[in-house]
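Trainee: The structure under discussion is supplied below as structure tokens; questions concerning it will follow.
No lab work stands behind these numbers, since they all come straight from the coordinates. The structure presented is a predicted model; accordingly, all values stated were derived computationally and were not measured. Virtual Cβ from ideal backbone geometry, glycine too; neighbours counted across all protein chains shown.
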């Protein structure tokens, strides 16, 4: 055989090998691309409420890796519109937009003065969250009875409910489930995704005016059933529930809105009575627990509010009761706080106590700046901030507030 023919045959054989290898590589590449596409599609099609723990953790890790320290810290604040602009009562203003961009807050709470009619409140909530990289919690106090910002506003076309004491007196916990489902339906249509309800306090002191008929009753076992059912009713329908006001303040006479209040009881009484409805709500999966500003001197040994006490927040609520959701303060602009602490001091104490979200600081700039400076100086670790942000992002993912199609998930890859 001539030498040039041998060389041509060798070239032809080599080209065939290259072509075969290319086809194999292309096939593997296509399978990999198809698998990635299938995984992406499957995530989009998943029900956020049914995400498994490992998937949630992975998504949260992806989001956290793309957040600045300022964005992480901002998620820990849930504020009123006053904190963003005193003039932003019923519509978003330029100043409110600027402060939303500056503080990166985790959510906004709306009150009666923010609500005129259905179309207005829908627009207000939508516009407020339009430019936030991480969607906002839109919260409201909608318990029923006297505390119903939506239901007690004329013309809102929502179902109204009697005081919880009346519902509890029926002895039928299924009514609390109906209450929760109806509230969730009405609120979600308006754009709200967090309800600061149910009240888990026990009405054990007839002189108590702060809780009164807002409680389902005085019997811890019965109240537990109603609390549990309302939590399920709300969250089965996409609205986060909030147990309040831990550790339970139904046995006090004074009002934390007006000044310092001590819950004159010991840890045994709390475990036997006040904690029981909270434990039921925790078992039902409540996304939030709100911590009261009552002090429990017999337990903590000092008059510090429960909301600022590491013993009450981290050691008891987080560790003893094994609560894994978001712990939020009661409003930090209440007199029980502002008479004794400035905004920065209160916010920093709350974070050090183990609080995840700070509700309505009296001065937003002071509160935010104080905690930010503490992190930059190293007296509060960034990992401590991330602990809270993980819980916040987890709830936002589970409730569909942060969509699974967000570019923040998987490092920005859709």
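Trainee: Taking Cα atoms, how many degrees apart are the long axis of helix 174-190 and the longest axis of the chain, rounded to 10 and kept between 0 and 90?
Mentor: With both axes taken from Cα atoms, the answer is about 60 degrees.
Trainee: Oh, and also: Could you state the angle between the C-alpha long axis of helix 94-103 and the longest principal axis of the C-alpha atoms of the chain, as a value from 0 to 90 degrees rounded to the nearest 10?
Mentor: 70 degrees
Trainee: Quick check: the distance between the Cα centres of the stretch 129-185 and the stretch 334-406, to the nearest angstrom?
Mentor: Distance between centres, Cα-based: 26 Å.
Trainee: Note the per residue figure in Å³ for the convex hull of the C-alpha positions in the chain.
Mentor: Details: hull volume 75.8 nm³, N = 414.
For the chain, the hull spanned by Cα atoms encloses 183 Å³ per residue.
Trainee: Of 350, 184, 49, which is the most mobile in a GNM of the chain whose springs link Cα atoms less than 10 angstrom apart?
Mentor: Comparing 350, 184, 49 in the GNM, the peak value goes to 49.
Trainee: Taking the simple approach of a point 7 Å from Cα along Cα-to-Cβ for both residue 345 and residue 319, what is their distance in nm?
Mentor: 2.7 nm
Trainee: Okay, helix-only estimate at 222 nm for the chain: each DSSP H run of n ≥ 4 adds -39500 (n - 2.57), divide by all residues, round to 500 deg cm²/dmol; what do you get?
Mentor: Working: 15 runs with 185 residues, N = 414.
About -14000 deg cm²/dmol.
Trainee: Order of 153-164, 168-179, 103-114 by packing, highest average Cβ count within 10 Å first? Working shown, then result.
Mentor: On the way: 153-164: 15.6, 168-179: 17.4, 103-114: 21.5.
Answer by packing, highest mean first, reads 103-114, 168-179, 153-164.
Trainee: With springs only between Cα atoms under 10 Å apart, run a GNM on the chain and tell me which of 326, 358, 401 wobbles the most.
Mentor: Comparing 326, 358, 401 in a Gaussian network model of the chain, the most mobile one is 401.
Trainee: Okay, moving on. Compute the angle between helix 3-45 and the longest alpha-carbon principal axis of the chain, please, reported from 0 to 90 degrees and rounded to the nearest 10.
Mentor: With both axes taken from Cα atoms, the answer is about 10 degrees.
Trainee: What's the exposure ranking of 339, 398, going from fewest to most Cβ atoms within 10 Å? Write down the numbers at each step before the final one.
Mentor: Values: 339 10, 398 20.
Placing the least packed residue first, the sequence is 339, 398.
Trainee: How much length is gained on full extension from residue 93 to residue 56, taking 0.36 nm per residue of separation minus their Cα-Cα distance?
Mentor: Details: separation 37, 0.36 × 37 = 13.32 nm, distance 3.50 nm.
Gain in length upon complete extension: 9.8 nm.
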